[in-house]
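Reading through the structure tokens given below for one structure.
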Number of protein chains: 2
Amino acid sequence: MCVNRQLRLAKRPVGEPSPDDFEIVEEETPTPTDGEVLVKVLQVSLDPAMRGWMSDAPSYVPPVGLGEVMRAGTAGVVVESHSDRLAPGDFVVGILGVQEQGIADAKALTRVDTGMAPLATYLGGLGMPGLTAYFGLTEVGDLREGDTVVISGAAGAVGSVAGQIAKAKGAGQVVGIAGRPAKCSWLVDELGFDAAIDYKREHVARRLHELCPNGINVYFDNVGGDILDAALANLAWGARVVICGAISQYNAADGMRGPRNYMMLLVRRARMQGFLVFDYVKQYGDALREMAGWRADGRLKTREEIVSGSIEDFQPTLMKLFRGENIGKLVLQIAEP
Amino acid sequence: MCVNRQLRLAKRPVGEPSPDDFEIVEEETPTPTDGEVLVKVLQVSLDPAMRGWMSDAPSYVPPVGLGEVMRAGTAGVVVESHSDRLAPGDFVVGILGVQEQGIADAKALTRVDTGMAPLATYLGGLGMPGLTAYFGLTEVGDLREGDTVVISGAAGAVGSVAGQIAKAKGAGQVVGIAGRPAKCSWLVDELGFDAAIDYKREHVARRLHELCPNGINVYFDNVGGDILDAALANLAWGARVVICGAISQYNAADGMRGPRNYMMLLVRRARMQGFLVFDYVKQYGDALREMAGWRADGRLKTREEIVSGSIEDFQPTLMKLFRGENIGKLVLQIAEP
């Protein structure tokens, strides 16, 4: 355990991230000091937001610096502890980055119970994506009983949980938008969505009009672009548009495209609002307890797609995410416990 | 008074409305029946929203039908009354369209006091534009004391009133964005805006950054396009973006351009919300009383630019509006009382 391998950001990507944008570097394994622990990273979370972190445009967190370890949510096991909060052998999640080992203040890590759910679930449905779905729908979307709810990126880590939370919280019609028949049937047959639209094969605006004849009350957007425009065209009076992400736009080399139909906010007296899960940190505990309950009674199904490999596989696995090849939470497994 | 001349919509404009899109038609003067009055139209209001009414895209009101009188707010004088609500000689405002005479149910017209303010003011600062500014800022923008408020289209009928209401309601910094030095100096020197940005000569995003170092709390948008993007880039945490209009985009033959920077709603946890003044009809009376008070004590200055002519001048006067040539409310005077 003397050598730690890291994936560092070498260049700022233009358009899609390419292998050249990263470099693998070896350094001596760092030594934890008081209050810190050394963690062996087992799993790296792949998230659409990573593309933003690689860019130096103004955002909600500073960009990853050139030459710095690529930021990433991770799950791992404590191998050395200088804190009484964590002991060797404890499984933890935290933002340790794309590297084989990391040190962190024990307070910055969350111990998780792998007896209750698999480790990767804490990077997905019972982790940041799940919490993002929860607060986006309930706090920003102001979800009300009987609402017609539409979710884009519905087969992804956030979207798949959002649809199930909507049903658990009493929504009426819940429609998911996703990009392959296998995803759509998973949403409807396994997760209990009322309907799904395959945006690669169907006319989204027309299908939304058919499936939501009284309009959309809450639209939870993970994708931006044409699908956001199709949803805006179908809003109900007083609708809430929750801006969670815009994965269709993150790799556009010529800049983001804005929603052409945003004046429907005026026509339908609707609002569009952005948020970040971190704003709700004080409510994480209550939300996770509620979600764990739904998971236990079968109302919340979580799914992870785990790619086995090493930190070298980070870029190709991230591209899998941007191409929409995953169903559920995409995770890169880089070591076994 | 046997012949009534009307301007009717002959074709749906593509891009900017052209003279060919309208036709002048003579018809017999209509006869009012029970509850109705006949009004001699004196002034026609020119409003950016008119462009939308000419289009058959889905909107908040049905489009003007081909062959129908062009919809317009008007001010006029009652010449014949079959209602005890109004008497001949009363001055009224209402939506009578671009024609020399119109009949309407007396209940659909509002009698105005030309002793308190000139007739045209009731099409401007003490009419729909003033009310739009009022409810957009207070209800949708949720204006709070000390807020930094930015208003685009600030020298127009709505924007010029919005900035003054913001000051009257206790806003901190109020910045207007307009398109000529004469407009900018009017905003600052006459109306009490704290600063103005000439978007034709200055870099809007950079100037907003300088003038609003803590970010924009309320952005009242009348224009859309690049200026909306510049404002989005400068939002404060928790900002409210009020979508009132998008005059820069209405004549785009290749469709609206959406705000590229809309993801700043997420970065700054902000919301963007549309509205229409008609939603607040029950509160008109209170708002108008408050505004009349401000007008009486000098806190609200209203200005109208009155073009003298006939209904034939409707299209060129509308183009004056779209080219931003007016300061304050633009009105076409087609007759004298």
note = Going through (1) away from chain B (no Cβ under 14 Å); (2) surrounded by fewer than 23 Cβ atoms within 10 Å (Cβ to Cβ) one by one, A:Ala178 fails only at (2)
key: Residue that is surrounded by the most Cβ atoms within 10 Å (Cβ to Cβ) [pool: residues in segment B:34-77 that are among the hydroxyl-bearing types (Ser, Thr, Tyr) and within 14 Å of another protein chain (Cβ to nearest Cβ)]   = B:Tyr60
Conditions (1) surrounded by fewer than 20 Cβ atoms within 10 Å (Cβ to Cβ); (2) among the acidic types (Asp, Glu); (3) outside any strand (DSSP E or B); number of the one not met by A:Glu80 = (3)
request  = Any chance you could count how many residues in segment B:31-80 are in contact (Cβ under 8 Å) with a residue 24 or more places away in the chain, farther than 19 Å from B:Phe278 by Cα and not basic (Lys, Arg)?
outcome  = 27
So B:Val188, is it aliphatic (A, V, I, L, M) and either out of contact with any strand residue (DSSP E or B) (no Cβ under 6 Å at 6 or more places or on another chain) or on the phi > 0 side of the Ramachandran plot (or both) = no
ask   = Taking the condition more than 9 Å from chain B (Cβ to nearest Cβ), in a loop (DSSP other than H, G, I, E, B) and without any contact (Cβ under 8 Å) to a residue 12 or more places away in the chain, does A:Glu202 pass?
value = yes
request  = Report, by residue number, each residue of segment A:283-302 that is in a loop (DSSP other than H, G, I, E, B) and surrounded by 20 or more Cβ atoms within 10 Å (Cβ to Cβ).
outcome  = A:Leu300, A:Thr302
message = Tell me the residue from A:Glu312, A:Glu325 that is part of a loop (DSSP other than H, G, I, E, B), on the phi < 0 side of the Ramachandran plot, surrounded by fewer than 19 Cβ atoms within 10 Å (Cβ to Cβ) and not assigned by TED's automatic domain parsing to the domain that holds A:Ser248, please.
response = A:Glu325
Flag if A:Ala168 is surrounded by fewer than 23 Cβ atoms within 10 Å (Cβ to Cβ), more than 11 Å from chain B (Cβ to nearest Cβ) and in contact with a Lys or Arg (Cβ under 6 Å, 6 or more places away or on another chain) = yes
ask   = Picking from A:Ala253, A:Ala182, which residue would you name as being out of contact with any strand residue (DSSP E or B) (no Cβ under 6 Å at 6 or more places or on another chain) and under 30 Å from A:Met291 (Cβ atoms)?
value = A:Ala182
query = Can you name the residue in segment A:48-77 that is part of a strand (DSSP E or B) and of a type outside the set (S, T, N, Q) and is also farthest from A:Thr31 (Cα to Cα) among such residues?
reply = A:Ala75
remark   = Pairs returned, first residue in segment A:280-295 that is not assigned by TED's automatic domain parsing to the domain that holds A:Val140, second residue that is of a type in the set (S, T, N, Q), beta-carbon separation under 7 angstrom, 6 or more apart or interchain, are A:Arg295/A:Thr302
request  = List the number of the failed condition for A:His209; all other conditions in (1) under 24 Å from B:Gly52 (Cβ atoms); (2) away from chain B (no Cβ under 14 Å) hold.
outcome  = (2)
inquiry  = Please determine whether any residue of segment B:37-47 is within 28 Å of B:Gly159 (Cα to Cα) and modelled with pLDDT under 95.
reply    = no
Residue ID - nearest to A:Asp313 (Cα to Cα), chosen from residues in segment A:1-33 that are part of a loop (DSSP other than H, G, I, E, B) and among the hydrophobic types (A, V, I, L, M, F, W, C) = A:Ala10
Options A:Arg8, A:Arg12: the member that is surrounded by 13 or more Cβ atoms within 10 Å (Cβ to Cβ) and either over 26 Å from A:Gly127 (Cβ atoms) or touching a helix residue (DSSP H, G or I) at 6+ places or on another chain (Cβ under 7 Å) (or both) = A:Arg12
Meets criteria (modelled with pLDDT under 95 and in contact with a Leu (Cβ under 9 Å, 6 or more places away or on another chain)) for A:Pro30 = yes
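The values are calculated or read from the model by the stated rules, or taken from the named source; none is laboratory data. These numbers come from a predicted model, not from an experiment. Backbone-built Cβ (ideal geometry, glycine too); neighbour counts: all protein chains shown.
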